[in-house]
Amino acid sequence: MKEKIVVTGIDKPRPYSHLLGLLDDAGLVANMSNIAKPYFCDDKVLTSYGNEYAIVHFKKDYKINGLLLTEIGSKIGSLYSPRETDLGKTIYRDWLLSFDEDTALIRDISEQEKKEKKLV
Amino acid sequence: MCDEENKRALVDVSGMKKAVVRLAKSLGENAISLSDNLTDKYADNHLKLTSHKAIGEFLIQKAKSLAKIEKKLRQNYIDAPDVERIRIRRDIQEIEKEVRQFKIIGKAKDELESCNETLTDDDKEISPHWMDKFNELAKAHNEDWREELLAKALASEAKKPGSIGPRALWLIGTMEENLFHAFAALIDVCSDIPRRIFLSI
């Protein structure tokens with residue numbers, strides 16, 4: 001999946017693994033090895049990508065694998081307005097679909113809830 | 001409005017007031033009277049619109065004045081002896097730096113103007129060290145994306161001093177183009193769970 005990320009605006013195309021190395025060197029992403037973010041049974045987590053939202057209700061302890069931004073990466077990332085991409089949507093949707101009922105229940109958010117949570 | 005709503009509205013006004021005054025202070029010593037004026041305006045409950053307008057007007061006046069000085073300096077340059085030319089060239093460069101700095105502060109003002117968050121009312125100020133670093137970086141030649149990040153960093157500091165540390169600011173000011181685009185591409189595909197995370201599935 002990582003290799004599919006398109007990086008625009010650079011001098012020449014480079015493999016994304018190389019660019020991830022740059023991000024790691026600059027301290028923007030946490031260690032290159034996959035990091036697991038733990039959640040516990042009965043945790044309800046609001047998740048989103050772009051304008052798509054869903055609540056994940058964990059039915060048992062669970063670890064999310066992925067690449068996390070460091071504190072400094074999060075700070076700088078919060079100043080950047082991300083663009084929605086098809087790849088980003090696919091990753092998010094595939095992730096939601098990857099849960100079986102024993103692991104987590106996925107619930108979409110109604111328009112009313114979006115307004116209440118000031119998501120729109 | 002009920003008491004609770006009134007209280008919340010007062011905190012909102014107060015939090016935004018301080019953010020705008022902090023931003024006005026970033027304009028330097030010339031703007032001290034402006035930040036005092038803004039404090040009065042907030043006291044008069046003229047709130048957001050008047051204050052942002054005041055900063056906008058200050059920036060326009062300042063830009064006009066700098067353009068006038070620069071024009072005069074360029075005229076003087078033609079007739080000036082060699083030694084004097086070096087000084088004039090340096091003065092012109094200083095003006096160009098200030099113009100770049102004010103352009104970014106103007107963008108920060110726009111960012112603050114569009115802010116709908118509830119801001120906390122605290123007396124913390126942007127640290128002088130942070131402000132010095134910001135001014136140094138803002139005066140340099142910057143790409144559009146870097147200008148955006150610097151402007152948003154200043155707006156964020158005005159809203160909540162300490163939110164963007166000096167290290168993050170330094171990285172914004174010095175990161176290479178490739179690094180920024182790699183970072184942007186990663187953020188573009190990150191999901192919020194609830195922190196941004198690039199899911200590996």
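The values are calculated or read from the model by the stated rules, or taken from the named source; none is laboratory data. None of the values given here were measured: they were computed from a predicted structure. Heads up, the Cβs are rebuilt from the backbone with ideal geometry, glycines too, and the neighbour counts pull from every protein chain shown. Surface areas here come from the heavy atoms of the whole protein model, side chains and all, with no ligands, DNA or RNA. Shrake-Rupley method; radii C 1.70, N 1.55, O 1.52, S 1.80 Å.
Taking segment B:143-162, which residues are open to solvent by less than 30 Å² (accessible area, probe 1.4 Å) and either at the interface with chain A (Cβ under 7 Å from one of its Cβ atoms) or among the polar types (S, T, N, Q) (or both)?
Selection gives B:149, B:153, B:156.
Search segment A:72-90 for residues that are more than 7 Å from chain B (Cβ to nearest Cβ) and pair each with any residue that is part of a loop (DSSP other than H, G, I, E, B) and open to solvent by less than 40 Å² (accessible area, probe 1.4 Å) when their beta-carbon atoms are under 6 Å apart and the residues are at least 6 apart or on different chains.
Qualifying pairs under 6 Å: A:73/A:28; A:84/A:50.
What pairs come up if the first residue lies in segment B:72-91 and is within 21 Å of residue B:139 (Cα to Cα), the second is of a type in the set (Phe, Trp, Tyr), and their beta carbons are under 6 Å apart, counting only those six or more places apart or on different chains?
So the pair list comes out as B:88/B:77.
Taking segment A:85-99 as the region of interest, how many residues are open to solvent by 80 Å² or more (accessible area, probe 1.4 Å) and part of a loop (DSSP other than H, G, I, E, B)?
Within segment A:85-99, residues that are open to solvent by 80 Å² or more (accessible area, probe 1.4 Å) and part of a loop (DSSP other than H, G, I, E, B) number 0.
Return yes or no: is residue B:133 at pLDDT 90 or above and either surrounded by 15 or more Cβ atoms within 10 Å (Cβ to Cβ) or of a type in the set (Gly, Ala, Ser) (or both)? Let's see the steps before the verdict.
Values: at pLDDT 90 or above: yes; either surrounded by 15 or more Cβ atoms within 10 Å (Cβ to Cβ) or of a type in the set (Gly, Ala, Ser) (or both): yes.
So residue B:133 fits the description; yes.
Out of all the residues in segment B:115-161, which are touching an Asp or Glu at 6+ places or on another chain (Cβ under 7 Å) and aromatic (Phe, Trp, Tyr)?
B:130
So which residues in segment A:36-73 are open to solvent by 40 Å² or more (accessible area, probe 1.4 Å) and within 29 Å of residue B:173 (Cβ to Cβ)?
A:71
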